[in-house]
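Trainee: One structure, pasted below without further comment.
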Amino acid sequence: MRLILAAFMAAMMSLQSAVAQRLVSPPQAPSPPLAPAAPLQPPFPGAREETQSPDNKSGGSQQPATSEQRGTDDRPAVVKILPTEKTADERSREENDRADKASTDWWFRVLTGALVMVGVLQFWALIGQAIVFGIQARRLRDSIDLTRNIADRQERDTRDSIAEAARSASAMRDAADAALAQVRTMIAMEQPFFSWIGFRLEPAQPGIVVSGIMPDRDYRPVAIVRNIGRAPMQLRSFCIETMVAQEMLPWGSGRISVSGFGPIPEYSDIINVGYAVEAGKDAHLVRPKALRFTAQETDEIQSLERQFWIYGFVSYLNQFTGETWEAGFSALWQGDRFSYFPTPNYDYHRRREASGDTAKAT
């Protein structure tokens, strides 16, 4: 609408400029100057005017005044100058001027009316724009209100969904905890469980039964383990090492033995196995390498002047968890048998890590 009004105004202004240029009349030729009027002066006394003496005034009858009138100071004579008669060109020019002026006045009235109409149209256009802007503002406000209501509703729905998801997650977590507890209980009840039974020395020659240690004979150390769980226990490897401590040294009123245990156990003869121990059954783990004592060592060990130790470990698989566990031991010979004697870093029960290192003792 504004573009149409602007175009109309530009057209009207161009038309007005053209008309104004057309209506400018050519310059008129100057009229011939009139001859300046001679100044009025009282006429000189005529030849007929006779000078009367004072004697004649008082004499007989006066003569009538002459027909010639003269002006006085009180009543000056007025001379009317008649205009000269206009020529045909002047009259034609005046006619053309009057026609041009009438045409110009008519065009001015038309343009003024057009401008008034344009102003009225602009006024109504502004009113229309104000109405349109008002409608747009109202619709925009309605749209904003609708969007806000939708956003609030979505926020409430999202909040409710989050709360419901949290409740569901909590319920699922509780169910998972309960299921995990049941699984743990089942694993604890059904999994294999390792236990030491005892340690002993067996003669290398079968069929010989001896008690204690005799010199110049071959013996093999034996570790006896038991599966006290409900599932089979798969043995992986074991190691049994021996160590004879130094002689007893005096200490105060008694004597002590200087042990040869280092801070970290060293296992050299590791034997790999691959059989399962049924639930409630025992397994005898025998070291193939035999050992022999001299008569002096036998007497010192039997008299407890020297200490005879065995130590090592057993590894097994827990198929319920897929983990490999290790159990370490240390036992001391006391007269005619071994007694389980826990030693730091040698006695443990722990899970082996995937890298091969053992986990912290449990």
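Trainee: For the range 270-306, which positions are in a loop (DSSP other than H, G, I, E, B) and either within 16 Å of Leu201 (Cβ to Cβ) or among the aliphatic types (A, V, I, L, M) (or both)?
Mentor: Val273, Ala279, Arg287, Pro288, Lys289, Ala290, Phe293, Thr294, Leu304, Arg306
Trainee: Please enumerate the residues belonging to the range 102-122 that are more than 19 Å from Ala10 (Cβ to Cβ) and either of a type in the set (Asp, Glu) or out of contact with any helix residue (DSSP H, G or I) (no Cβ under 8 Å at 6 or more places or on another chain) (or both).
Mentor: Ala102, Asp105, Trp106, Arg109 - these are the residues of the range 102-122 that are more than 19 Å from Ala10 (Cβ to Cβ) and either of a type in the set (Asp, Glu) or out of contact with any helix residue (DSSP H, G or I) (no Cβ under 8 Å at 6 or more places or on another chain) (or both).
Trainee: When you look at Leu249, is it under 28 Å from Gly212 (Cα atoms), modelled with pLDDT under 90 and touching a strand residue (DSSP E or B) at 6+ places or on another chain (Cβ under 8 Å), yes or no?
Mentor: Against the criterion (under 28 Å from Gly212 (Cα atoms), modelled with pLDDT under 90 and touching a strand residue (DSSP E or B) at 6+ places or on another chain (Cβ under 8 Å)), Leu249 qualifies.
Trainee: Still on this structure, please answer the following. List every residue pair whose Cβ atoms sit under 7 Å apart, with the two residues 6 or more apart in sequence or on different chains, where the first one lies in the range 318-343 and is assigned by TED's automatic domain parsing to the domain that holds Ala223 and on the phi > 0 side of the Ramachandran plot and the second, anywhere, is in a loop (DSSP other than H, G, I, E, B) and of a type in the set (Ser, Thr, Tyr).
Mentor: As it stands, the answer is none, since no pair meets every condition given.
Trainee: Spot the failing condition for Ala279; the list is (1) touching a Pro at 6+ places or on another chain (Cβ under 9 Å); (2) under 18 Å from Thr242 (Cβ atoms), and only one is missed.
Mentor: For Ala279, the failing item is (2).
Trainee: I need the full set of residues from the range 309-362 which are hydroxyl-bearing (Ser, Thr, Tyr), surrounded by 15 or more Cβ atoms within 10 Å (Cβ to Cβ) and modelled with pLDDT under 85, in order please.
Mentor: Within the range 309-362, Thr358 is the sole residue that qualifies.
The values are calculated or read from the model by the stated rules, or taken from the named source; none is laboratory data. Given the structure is predicted, the values throughout are model-derived calculations rather than measurements. With ideal geometry, Cβ positions are generated from the backbone for all residues, glycine too; neighbour counts draw on all protein chains shown.
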